[in-house]
1. Would you tally the residues in the stretch 101-125 being open to solvent by 30 Å² or more (accessible area, probe 1.4 Å), of a type in the set (D, E, K, R) and under 20 Å from Ala149 (Cα atoms)?
2. Tally up the residues in the stretch 248-282 that are outside any strand (DSSP E or B) and either closer than 19 Å to Gly355 by Cβ or within 16 Å of the ligand (Cβ to nearest atom) (or both), please.
3. For Ser219, work out the one condition from (1) in a loop (DSSP other than H, G, I, E, B); (2) away from the ligand (no atom under 16 Å from the Cβ) it doesn't fulfil.
4. Scan the stretch 283-318 residue by residue and report those that are outside any loop (DSSP other than H, G, I, E, B), open to solvent by 10 Å² or more (accessible area, probe 1.4 Å) and more than 13 Å from the ligand (Cβ to nearest atom).
5. Scan the stretch 252-282 residue by residue and report those that are in contact (Cβ under 8 Å) with a residue 60 or more places away in the chain and open to solvent by 20 Å² or more (accessible area, probe 1.4 Å).
6. What is the residue count in the stretch 30-45 for residues that are open to solvent by less than 30 Å² (accessible area, probe 1.4 Å) and more than 8 Å from Ile5 (Cβ to Cβ)?
7. Need the failing condition index for Ala200 against (1) in a helix (DSSP H, G or I); (2) closer than 25 Å to Gly80 by Cα, just the number.
8. Could you go through the stretch 136-146 and let me know if any residue there is assigned by TED's automatic domain parsing to the domain that holds Asp174, touching a residue at least 24 places away in the same chain (Cβ under 8 Å), more than 29 Å from Gly397 (Cα to Cα) and not hydrophobic (A, V, I, L, M, F, W, C).
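The values are calculated or read from the model by the stated rules, or taken from the named source; none is laboratory data. Bear in mind that the values here come from a model prediction, so they are computed numbers and not experimental data. Glycine gets a Cβ as well: all are built from the backbone with ideal geometry, and neighbour counts include every protein chain shown. Note: accessible area is taken over every heavy atom of the protein model, side chains too, but ligands, DNA and RNA are not part of it. Shrake-Rupley method; radii C 1.70, N 1.55, O 1.52, S 1.80 Å.
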Amino acid sequence: MLDLILRRANLTDGRTGVDIGIQHGRIVAVEAGLAATAAAEVDVTGQLVTAPFVDAHFHMDSTLSYGLPRVNQSGTLLEGIALWGELKPQLTQDAIVERALAYCDWAVGKGLLAIRSHVDVCDPRLLAVEALLHVRERVKPYLDLQLVAFPQDGVLRSRGAMAQLVRALDMGVDVVGGIPHFERTMADGAESVRLLCELAAERGLRVDMHCDESDDPLSRHIETLSYQAQRLGLQGRVAGSHLTSMHSMDNYYVSKLLPLMKEAGVAAIANPLINITLQGRHDTYPKRRGMTRVPEMLAMGIPVAFGHDCVMDPWYSLGSGDMLEVAHMGLHVGQMTSQLAMRQCFDAVTSTPAGILGLDGYGTEVGCKADLVVLQARDPVEALRLRAARLYVIRAGQVIAQTAPNVASLSLPGRPASVSYQLG
Ligand code: FE2
């Protein structure tokens, strides 16, 4: 007797009519016509069952603070950083915890069960670090939160930031962050990458740096990050986030850069919602899109994830924790319209970031954790097209969130009374 069986599911690899058996929080069977009984069965005929959405890049310490203390007028990254600086002295631990927990509720409702969040360490009190470490424990039963020690104001530029970053790691923060393009000079940026990668190597930690989040075609910290990853043997443990300068780089230079990233085992994390709005702000027309070169990196075999980055904070006034919305924007900005490319966009918010975060037991095979999402869609492309409803969100074999199917009721002469968007 199993705990739960999902009957007649579609899987992301194209299999249909598959039963998924779950026991003790794990997937124990994936086969058609499973001859077993369970305490509960759910008929998911024709619906896509996927492992949960994963957000590889987020800022949970600033989320849901939109309008505090004011709104970003220029819409630029730099005004966002200045605004965050104005808000920081007013922050309280309770307020950060409350907003973060509220966001995690939103995330669960959207089937987003793993998030890598950067946390600013450029506050000597490390208020946000303490708050998010608390949140990480609170949400553990239903959401995997991985934290990155992020020196928002520059680990060299901001007095005391390196010591605070080390202290944050000592307190239990998981990953080493950085922001080389915000250091005072290119040379300081490169030095920050070296110091932070050496710190990660010493401690056996992963690295995820905000890198080249700029329209400057000569901002080349991803080259330095790849070099340090290769030099220190950090292959498979390093991610470069944003990488927007690559959008503006010379093609010849990129043809040298991408093989270096591949050789160094460096992954990329693009943030399409944010970078389509933050970048290109100094252009007249044509305006640059500002997203990094996603299809080209994928063609080179470099893992590329899409992150949400921000929801209702100094940098972005919208967002809802919906990784299908993130992937939808990435698909459009990257002109990733082939069947293969659309599937890659779905992977960029599921399996690819799961690999970057190093999630254990992720997937829909026998032996994986029974963390699953049932979508009101037949396949990944339809899920993207419809930003499909999350009919069931399952954690460790338990249904933790449900959403009613999205159905429009119509009153039209000579037409059916209701139409499910799924049939659209
Ligand atoms: Fe970011």
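1. Result for the stretch 101-125: 1.
2. Number of matching residues: 15.
3. Result: Ser219 fails condition (2) only.
4. Pro295, Glu296, Leu298, Ala299, Met300 - these are the residues of the stretch 283-318 that are outside any loop (DSSP other than H, G, I, E, B), open to solvent by 10 Å² or more (accessible area, probe 1.4 Å) and more than 13 Å from the ligand (Cβ to nearest atom).
5. Correct list: Thr277, Arg281, His282.
6. So the answer is 2.
7. Of everything listed in (1) in a helix (DSSP H, G or I); (2) closer than 25 Å to Gly80 by Cα, Ala200 misses just condition (2).
8. no
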